[in-house]
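**Student:** Handing you a structure now.
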Amino acid sequence: MNILLVRSHISIIEKDRIGYGWSKVQFSEFSNLPDLIQEIKQQYVKGIGRSTNRIKRFFNLSEGDIVVVPLTKSIAIGIVSGKKSFDITLTDKKGCNLVDVSFFRTNDGHILRIPRKSLTTALESRLKVQSHNVNLKEFRDEIERIVESISSNGTFKQESYLLEKIAEAEVKFKENLLKSLTTGSNWLAAGGDGLELLILELLTIEGYTAKKQAKGQSSDISDIDIKASKVDRFSESNLVFQIKHHNNISSKHGLNQLIAYSDSDDIEHEKWFITTGNLSESSVQYAEDHNIKFMIGSELVDWIYENLSELSFGTKHLLGIIEIPILAT
C-alpha cells in the first residue's frame, strides 16, 4: 500500500479527486510507466528534470492507497478508488491528470479536516515540503491510526468545524486580496514597483538574497525584474523573475522577455514568471516548453498568506491587511 502526500486544489478534492499537472499528456491513456515517461519527454522538449519519481508515485496510485492533502492548519485524508481521468480545464490549477479518491467527510458532507497540531512533529514538518507526490511510508503507523480512528468513530476530534470556518474565512480573504491586487485597490507603489518590492520581501523571508534589477538592461526584449539566490550547506538555488501586474490574462510578452534573457555571470538561473492575473492554456504550455516556472495570481496570494506573520507591518498596511480576531458562528 502506498501512502502519498499530494498537493491538490481544494476545488478538486471536494469532488473526490486529486490532480497533477503535465497537461500535454493524458496519464489515463497509458498502462505502464516507461511508455508514459517516454511520451512526456517527447512532449516536453526541455525534459522532465527531477520529476520522474514524482510522476511514478502518482501514476502508480491504485485502489486502497492512502493520500494526504495539506489544507489550512489541517490535512484531508482519502482512500484511492483507482479510476484515472483527464480534464484540460484544470491546467491552471496544475491538476488536469486526475485520480478518484474517497475522502473522509463530516456527517454533513464536508471534507473532514484533521488538525496539523494533532500530528507528530515529524509528520507536521514533512507537510511543509512543497514538492508534489511525496512518499509518506515512514509515517504509515501514525496515518493508519488516524484512518482507523475516523473509520471507527466517524470523525477525528471536534475541531473539524472550527477548521472548516477558518478555511472559509481564508478563502474569502484570498478572494478579496486577489481582487485588490488585480484592480490596484491597495497602496502599493504604482507602475509595478510596489509589486516587485512585495516579491522581494517574500523572497527575503524565505532566506533568499534578492535584488531588484535596473530597468532597460538591454537593447533587445530580454528583461528581468528580480534576481535571487540562496546557498546552504547542501544546495544552491539561483532564480530570476519577470513580474507583471495584470488584471486578466497575461500575454506571452513576459515569457518572451525571460526566454530572451541569458545569464551573463556563468550561473544557470531558474526562470520564473509571476503575474497577478492568469495564463491561457497556450501560454502555460509555452512556458513549460521553455522550462519557465510560473506563478499566477491565486498562487501569489497563497504565498502572501503563508507568510503573513512574517510580512512587515508597513507592507501589510500597503496591502490593506488588518488582523483582528473573529468568532466562528
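**Student:** State whether one or more residues within segment 56-66 are polar (S, T, N, Q), within 26 Å of Val25 (Cβ to Cβ), touching a strand residue (DSSP E or B) at 6+ places or on another chain (Cβ under 6 Å) and in the same structural domain as Ser28 (by TED's automatic domain parsing).
**Tutor:** Checked against the condition, which is being polar (S, T, N, Q), within 26 Å of Val25 (Cβ to Cβ), touching a strand residue (DSSP E or B) at 6+ places or on another chain (Cβ under 6 Å) and in the same structural domain as Ser28 (by TED's automatic domain parsing), segment 56-66 yields at least one hit.
**Student:** Let me ask something else about it. Return the total of residues in segment 280-302 being more than 19 Å from Asn238 (Cα to Cα), in contact (Cβ under 8 Å) with a residue 60 or more places away in the chain and part of a helix (DSSP H, G or I).
**Tutor:** 9
**Student:** Out of all the residues in segment 214-231, which are part of a loop (DSSP other than H, G, I, E, B) and either on the phi > 0 side of the Ramachandran plot or surrounded by 15 or more Cβ atoms within 10 Å (Cβ to Cβ) (or both)?
**Tutor:** Within segment 214-231, Gly216, Ser222, Asp223, Ile224, Asp225 meet the criteria.
**Student:** Further question: Just to be sure, is Phe234 assigned to a loop (DSSP other than H, G, I, E, B), without any contact (Cβ under 8 Å) to a residue 40 or more places away in the chain and either of a type in the set (Phe, Trp, Tyr) or closer than 26 Å to Ala189 by Cβ (or both)?
**Tutor:** Yes.
**Student:** Moving on to the next point. Please work out which one of (1) within 17 Å of the chain's Cα centre (by Cα); (2) buried (at least 20 other Cβ atoms within 10 Å of the Cβ) is the condition Val25 fails and give its number.
**Tutor:** (1) is the only condition that Val25 fails.
**Student:** Run down Lys56, Lys117 and say which single residue is without any contact (Cβ under 8 Å) to a residue 40 or more places away in the chain, farther than 21 Å from Gln285 by Cβ and basic (Lys, Arg).
**Tutor:** The match here is Lys56.
**Student:** Exactly one condition in (1) closer than 15 Å to Leu195 by Cβ; (2) of a type in the set (A, V, I, L, M); (3) in a loop (DSSP other than H, G, I, E, B) is not met by Ile267; state its number.
**Tutor:** Looking at each condition in turn, Ile267 falls short on (1).
**Student:** Scan segment 94-101 and tell me whether some residue there is surrounded by fewer than 19 Cβ atoms within 10 Å (Cβ to Cβ), of a type in the set (D, E, K, R) and assigned by TED's automatic domain parsing to the domain that holds Phe30.
**Tutor:** Within segment 94-101 (the criterion being surrounded by fewer than 19 Cβ atoms within 10 Å (Cβ to Cβ), of a type in the set (D, E, K, R) and assigned by TED's automatic domain parsing to the domain that holds Phe30), the answer is yes, since at least one residue qualifies.
Condition check ((1) assigned to a helix (DSSP H, G or I); (2) at pLDDT 90 or above; (3) touching a Leu at 6+ places or on another chain (Cβ under 9 Å)) across all residues:
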{"residue": "Ala122", "(1), (2), (3)": "yes, yes, no"}
{"residue": "Ser125", "(1), (2), (3)": "yes, yes, no"}
{"residue": "Ile143", "(1), (2), (3)": "yes, yes, yes"}
{"residue": "Ser151", "(1), (2), (3)": "yes, no, no"}
{"residue": "Lys174", "(1), (2), (3)": "yes, yes, no"}
{"residue": "Thr182", "(1), (2), (3)": "yes, yes, no"}
{"residue": "Asn186", "(1), (2), (3)": "no, yes, yes"}
{"residue": "Gly191", "(1), (2), (3)": "no, no, no"}
{"residue": "Ile199", "(1), (2), (3)": "yes, yes, yes"}
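The values are calculated or read from the model by the stated rules, or taken from the named source; none is laboratory data. Because the structure is a prediction, the values reported are computed rather than measured. FYI the Cβ positions are ideal-geometry reconstructions off the backbone, even for glycines, and counts take in every protein chain you see.
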